[in-house]
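Okay, so here's the structure we're looking at.
None of the figures in this text is laboratory data; all of them are computed from the coordinates on show. Please read all numbers here as calculations on a predicted model, not as lab measurements. Glycine gets a Cβ as well: all are built from the backbone with ideal geometry, and neighbour counts include every protein chain shown.
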Amino acid sequence: MVQNTEEEIIQRILEGQLELFEILIRRNNPFLYKVGKSYGYQHQDVEDLMQETFISAYKSLGSFQHRSSFKTWIIKIMLSHCYQKNHKFSFKYEKAGYREIVDKNVPLFSGSPSDMEKRIFNQELKAVMEKAVNKIPLDYRMVFSLRELNGLSVAETAEALAITEVNVKVRLNRAKNMLRKEIEKYYSPEEIFEFNLIHCDRIVDKVMNAIAKENFTTS
């Protein structure tokens, strides 16, 4: 079965097929959850922020111009909500002069899925990994989250965080150096900040009910 493109889905939503917004929610739930957890918020706060983000995205859907992917666009909205919640997010540009940046560096998460699964022994290990990620300073943590956990490109990460691509590379390298000793033997992007299906269903229900109840309109 051929899936509708992102652009087609959005157009149909704008034409009144509200129920299709659920597709966008389910596709982007895991990414927004990782962003919120990487920002340092607890599970319930992250779910609240996700709900606010999806509602904001729905209300502004008509202004989405497809210059970037919907994923990048909605992550930027999520980041804005995270920032507004704690008023502490700052983007400090690193000083120029880093010549040692290597574009084709080895990803922190590497190895076959079977190997990674063998390394993930239990829930306690996942908790250790999450704790290790949250020890990284916020600026580096968010770059790590968007690049390694959410799969954004350097350009998309730079756009989402309003920093340069050089800064993305610098921060990612530094973040990896901070993490490598602690988790290089026990890692899986899918396992860090995992967003389970039961949580996904709950977010879908909350957002779709809120949109229907309040009769929000897209702009």
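Odds and ends about this structure:
- For the range 21-30, 3J(HN,Hα) per residue [Karplus equation, 6.51 cos²θ - 1.76 cosθ + 1.60, θ = phi - 60°, Hz, x = Gly/Pro]: 5, 4, 4, 5, 5, 5, 5, 10, 3, x
- For residue 193, residues with placed amide H under 5 Å, excluding near neighbours: none
- You can think of it this way: the chain between residue 26 and residue 162 has 46.4 nm of extra reach, that is 0.36 nm per residue less the Cα-Cα gap.
- Members of 37/59; 71/169; 135/213; 34/59 lying beyond 32 Å, as alpha-carbon distances in this model show: 135/213
- Extension gain, residue 86 to residue 18, is 21.3 nm, computed as 0.36 nm per intervening residue step minus the present C-alpha separation.
- Cβ-to-Cβ counts within 10 Å put 53, 217 in ascending order as 217, 53, the fewest first.
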